[in-house]
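A.B. asks: One structure coming up, written as structure tokens, with questions to follow.
The values are calculated or read from the model by the stated rules, or taken from the named source; none is laboratory data. Everything quoted here is computed from the prediction, not taken from an experiment. Neighbour counts run over all protein chains shown; Cβ positions are idealised from the backbone, glycine included.
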């Protein structure tokens, strides 16, 4: 019988039956019908598929090996007696145990007193697995515009720094009296070379309006102290390890006193150059050469810097930084740092110190102009 000819009660019952059937089928398909065989089957099948997927993901994660670095080379830029040569035997064994590598850490020594040759060699390698241990004098050479420099230290990734601020000792009258102006007496500074590690001291004297004259060839602490005691020089710059309390007391007995430290990284009561300048002049340094002095002083304070190439993969850089942090916490490494009055800086403290090595371009140009003009009078004495 056609549906339109059915009585109203029959049509209502059929509509109700159709709606109930559709709801039942939909719940069964979604697995929502309690006690339904179809729903239980679909739910169990979905759970089995999910468990199978989780198992595959866990197996894949277990199959991925832990990140490692191949067989890296540690390029040591410095002759025997330099900071990198002293610290390489200390850092290398510790890094071998804290750095995940496929083989032992290879030490590659490149001779050179200021580290420029080794830094050039490192930049020419351009390998993402190698590292460089370089003294701050190489960075000083780059700041000075040395023609031997073929590297860009601003493109290196610093990992760790061995730092300690040198001390400047001597006998200098910093008062700006008429008598001192008329005498125009130069301040003789003991240096290895005019653009060597003592360059910040020459810059400091220039900022203090003193006529500084470098006396070259005094490459060791003993020769500098002997020249100071003989009256051949007025000022000497001492490394943190060589400025022992006994030596400072002996010099003070002969009239040679500590004048200032190059940076604040001393841990003592001696003021740094900025503090010394402020006490003498009544204001903070505002000389155009002061930004260059700050960069040079930080460079001269670096005994050894552990750096990576700019193109080092981030995963490798993270492994090196973590290994350096673990190395710095070792008692044997800390003991060596304390005995030489230095400290091994890692992680977040590295970047602020390293950033100070890059003064504004205008300051670099002013510094090089001053260096070029001063070298004329230095050659003539």
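A.B. asks: Mind listing whichever residues of the stretch 337-369 are surrounded by 12 or more Cβ atoms within 10 Å (Cβ to Cβ), more than 19 Å from the chain's Cα centre (by Cα) and at pLDDT 90 or above?
C.D. replies: Residues satisfying the conditions are 363, 364, 365, 366, 367, 368, 369.
A.B. asks: Scanning for something within 29 Å of residue 337 (Cα to Cα), out of contact with any helix residue (DSSP H, G or I) (no Cβ under 9 Å at 6 or more places or on another chain) and in a helix (DSSP H, G or I), does the stretch 205-215 turn up at least one residue?
C.D. replies: Step one: filter the stretch 205-215 for residues within 29 Å of residue 337 (Cα to Cα), giving none.
For the stretch 205-215, residues within 29 Å of residue 337 (Cα to Cα), out of contact with any helix residue (DSSP H, G or I) (no Cβ under 9 Å at 6 or more places or on another chain) and in a helix (DSSP H, G or I): absent.
A.B. asks: Looking at the stretch 78-104, which of its residues are in a loop (DSSP other than H, G, I, E, B), surrounded by fewer than 19 Cβ atoms within 10 Å (Cβ to Cβ) and in contact (Cβ under 8 Å) with a residue 12 or more places away in the chain? Talk me through it step by step, then tell me what you get.
C.D. replies: We begin by selecting, within the stretch 78-104, every residue in a loop (DSSP other than H, G, I, E, B); these are 78-82, 99-100, 102-104.
Within this subset, residues satisfying the condition of being surrounded by fewer than 19 Cβ atoms within 10 Å (Cβ to Cβ) are 79-81, 100, 102-104.
Hits for the stretch 78-104 are 79, 100, 102, 103, 104.
A.B. asks: Could you tell me whether the stretch 214-233 includes any residue that is within 15 Å of residue 262 (Cα to Cα) and either buried (at least 20 other Cβ atoms within 10 Å of the Cβ) or assigned by TED's automatic domain parsing to the domain that holds residue 255 (or both)? Lay out the reasoning, then the answer.
C.D. replies: Of the stretch 214-233, the ones within 15 Å of residue 262 (Cα to Cα) are none.
Among the residues of the stretch 214-233, not one is within 15 Å of residue 262 (Cα to Cα) and either buried (at least 20 other Cβ atoms within 10 Å of the Cβ) or assigned by TED's automatic domain parsing to the domain that holds residue 255 (or both), which makes the answer no.
A.B. asks: I would also like to ask the following. So if I check each of 168, 162, 172, which one is over 30 Å from residue 323 (Cβ atoms) and either at pLDDT 90 or above or part of a helix (DSSP H, G or I) (or both)?
C.D. replies: Working: 162 fails: over 30 Å from residue 323 (Cβ atoms); 172 fails: either at pLDDT 90 or above or part of a helix (DSSP H, G or I) (or both).
None of the other options fit; the residue is 168.
A.B. asks: Residue 237 passes all but one of (1) part of a helix (DSSP H, G or I); (2) at pLDDT 90 or above; (3) buried (at least 20 other Cβ atoms within 10 Å of the Cβ); which number fails?
C.D. replies: Residue 237 satisfies all of (1) part of a helix (DSSP H, G or I); (2) at pLDDT 90 or above; (3) buried (at least 20 other Cβ atoms within 10 Å of the Cβ) except (1).
A.B. asks: Quick check, is residue 245 farther than 18 Å from residue 303 by Cβ, surrounded by 21 or more Cβ atoms within 10 Å (Cβ to Cβ) and not assigned by TED's automatic domain parsing to the domain that holds residue 352?
C.D. replies: Details: farther than 18 Å from residue 303 by Cβ: yes; surrounded by 21 or more Cβ atoms within 10 Å (Cβ to Cβ): no; not assigned by TED's automatic domain parsing to the domain that holds residue 352: yes.
It is false that residue 245 is farther than 18 Å from residue 303 by Cβ, surrounded by 21 or more Cβ atoms within 10 Å (Cβ to Cβ) and not assigned by TED's automatic domain parsing to the domain that holds residue 352.
A.B. asks: Of the conditions (1) in contact with a helix residue (DSSP H, G or I) (Cβ under 6 Å, 6 or more places away or on another chain); (2) over 22 Å from residue 330 (Cβ atoms); (3) at pLDDT 90 or above; (4) not in a helix (DSSP H, G or I), residue 108 fails just one. Which one is it?
C.D. replies: (1)
A.B. asks: Within the stretch 286-381, considering only helices (runs of 4 or more DSSP H) that don't extend past its boundaries, which have at least 3 residues that are touching a helix residue (DSSP H, G or I) at 6+ places or on another chain (Cβ under 8 Å)? Spell out how you get there, then give the answer.
C.D. replies: Details: elements: 290-300, 314-328, 331-339, 350-355, 361-380.
Those helices (runs of 4 or more DSSP H) span 290-300, 314-328, 331-339, 361-380.
A.B. asks: Kindly indicate which of 232, 198, 226 is in contact (Cβ under 8 Å) with a residue 40 or more places away in the chain and farther than 23 Å from residue 367 by Cβ. Give the derivation first.
C.D. replies: Values: 198 fails: farther than 23 Å from residue 367 by Cβ; 226 fails: in contact (Cβ under 8 Å) with a residue 40 or more places away in the chain.
The conditions single out 232.
A.B. asks: Tally time: how many residues in the stretch 240-262 are at pLDDT 90 or above and under 22 Å from residue 292 (Cα atoms)?
C.D. replies: Of the residues in the stretch 240-262, 4 are at pLDDT 90 or above and under 22 Å from residue 292 (Cα atoms).
A.B. asks: Follow-up question, since we're still on this one. If I ask for residues that are out of contact with any strand residue (DSSP E or B) (no Cβ under 6 Å at 6 or more places or on another chain), in a loop (DSSP other than H, G, I, E, B) and closer than 21 Å to residue 197 by Cβ, which ones from the stretch 111-126 would you list?
C.D. replies: Taking the stretch 111-126 and keeping what is out of contact with any strand residue (DSSP E or B) (no Cβ under 6 Å at 6 or more places or on another chain), we get 111-114, 116, 120, 123-126.
Still in the running and in a loop (DSSP other than H, G, I, E, B): 111-114, 126.
Within the stretch 111-126, 111, 112, 113, 114 meet the criteria.
Residue by residue, here is whether (1) surrounded by fewer than 22 Cβ atoms within 10 Å (Cβ to Cβ); (2) free of Cβ contacts under 8 Å to residues at least 60 places away in the same chain; (3) in contact with a strand residue (DSSP E or B) (Cβ under 9 Å, 6 or more places away or on another chain); (4) closer than 20 Å to residue 261 by Cα holds:
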{"position": "282", "(1), (2), (3), (4)": "yes, yes, no, yes"}
{"position": "289", "(1), (2), (3), (4)": "yes, no, no, yes"}
{"position": "306", "(1), (2), (3), (4)": "no, no, yes, no"}
{"position": "320", "(1), (2), (3), (4)": "no, no, yes, no"}
{"position": "371", "(1), (2), (3), (4)": "yes, no, no, no"}
{"position": "379", "(1), (2), (3), (4)": "yes, yes, no, no"}
